[in-house]
Amino acid sequence: MKYGIYYAYWEKEWGGDYLPYIQKVKDLGFDVLEVACASFEKEPETYFEKLRIEAERVGITLTGGYGPSFERHIAAEDGNKVKQSFAYYQNMFHKMQLAGIKSLGGALYSYWPVDYTRPVDKPGEWRRSMTAMQSLADLAATFDITLNMEVINRFEGYLLNTAEEGMEYVRAVDRENVKIMLDTFHMNIEEDSLTEAIKHAGASLGELHVGEANRRPPREGRMDWKGIFSALKAIRYDGLVVMEPFVQMGGQVGRDIKVFRDLSKGASQQKLDKEAAASVAFLRRIAGEV
């Protein structure tokens, strides 16, 4: 397995310059850096070539995350909106390829976070999404990109809330480059058993996001990390394990993730670095013990 972290652990706004984080996460003991792809359209092609060169130099795998806005909703009833979304993805996939990014995860099947003031038509959206995802997966395949459907909690989305729903969706789409992504934060809310959810995903598990129930970095606490890694071992998982901690208030990141108290406890950048390094060392130790 390879262990990673989402750049936004250190940031309060989405986007920004990912280049400095490549060496940083390597120095902290990580193998993988996850970056946000929403702002890729704003950067020139040369920037993504620099990302690839730096990642190759340092020995870091880059992976992408994306929470589509309502305007990029591939299951929308508005055909023009869907067409525009595909053009947006085409550009994103091209720039991902330039950066050497081979996987994209998130609520790609819908939009995020869901606006519950709008009507909810889960059966209709499921059908539209499944059909559109087949075409999106075919497009992604031309760039050698895997799409990971992130299963999220009911407060952020309604289409895929459990591993069972995620697997049903992945089977319906029926594309080799469409996998399921599980996240311990969301699983802690929705699943009866985190370990059984992982086992249910089995070979279709494309990526695992990890974090404590309150979105702090993984550590000794109430999450059953030994059980989680035992389940990963049982399915012979050898993919990416990426932590997605969100501990700082403020900015669009804090608003979107709903961080309304300082979970970092006033931590400096140096303290955040130290906690991230301790967390990835903890995960490696637990994995080695099971």
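The values are calculated or read from the model by the stated rules, or taken from the named source; none is laboratory data. Quantities reported herein were computed from a predicted structural model and do not represent experimental measurements. Don't worry about glycine lacking a Cβ; one is built from the backbone with ideal geometry, like all the others, and counts go over all protein chains shown. Quick note on the areas: whole protein, heavy atoms, side chains included, nothing else; ligands and nucleic acids left out. Shrake-Rupley method; radii C 1.70, N 1.55, O 1.52, S 1.80 Å.
Things worth noting here:
- Taking a ≥ b ≥ c as the square roots of the eigenvalues of the alpha-carbon gyration tensor, the chain is classed rounded because a/c is under 1.5.
- The chain, helix-only ellipticity at 222 nm - DSSP H runs n ≥ 4, -39,500 (n - 2.57), divided by all residues, nearest 500: -14000 deg cm²/dmol
- Protection proxy ranking for 28-40, 105-117, 250-262, using the average of other Cβ atoms within 10 Å per residue and placing the highest first: 28-40, 105-117, 250-262.
- Arg219 paired with Lys265, simple spin-label distance in nm, labels 7 Å along Cα-to-beta-carbon: 0.6
- Normalised by the number of residues in the chain, the mean separation of alpha-carbon contacts (under 8 Å, six or more apart) gives a relative contact order of 20 percent.
- Within straight-line reach of Lys50, meaning a Cα separation under 26 Å, sit the following lysines at least 8 residues removed in sequence or on another chain: Lys2, Lys12, Lys24, Lys26, Lys42, Lys95, Lys102.
- The distance from the alpha carbon centre of region 87-130 to that of region 143-157 is 8 Å, rounded to a whole number.
- Accessible area per residue in Å² at 1.4 Å probe, computed on region 182-290: 46
- Each of the peptides 42-49, 134-141, 238-245 was scored by the mean count of other Cβ atoms within 10 Å over its residues; in descending order, highest first, they stand as 238-245, 134-141, 42-49.
- Dipole moment magnitude, nearest 20 debye, region 171-258 about Cα centre, only Lys, Arg, Asp, Glu C-beta charged: 160
- Quotient of Cα Rg and 2.2 N^0.38 Å for region 180-283, N being how many residues it contains: 1.12
- Cα centroid separation - region 208-259 against region 15-78, whole Å: 19
- Rg/Rh ratio calculated on Cα atoms of region 113-174 (Kirkwood radius): 0.99
- The three principal axes of the C-alpha atoms in region 144-206 carry coordinate ranges of 32, 23, 18 Å, sorted with the longest axis first.
- Gain in span if fully extended, Lys12 to Lys226, counting 0.36 nm per residue against the direct Cα distance: 73.9 nm
- GNM flexibility winner over the chain from Leu232, Leu51, Leu263 (Cα, springs under 10 Å): Leu263
- Remark: region 1-147 projects, on average over all directions, an area of 9.4 nm² (convex hull of Cα atoms).
- Computed in the context of the full set of protein chains, the accessible area of region 16-89 at 1.4 Å probe radius has 49% of its extent on carbon or sulfur.
- Once the convex hull of all Cα atoms in region 53-100 is built, its volume per residue stands at 66 Å³.
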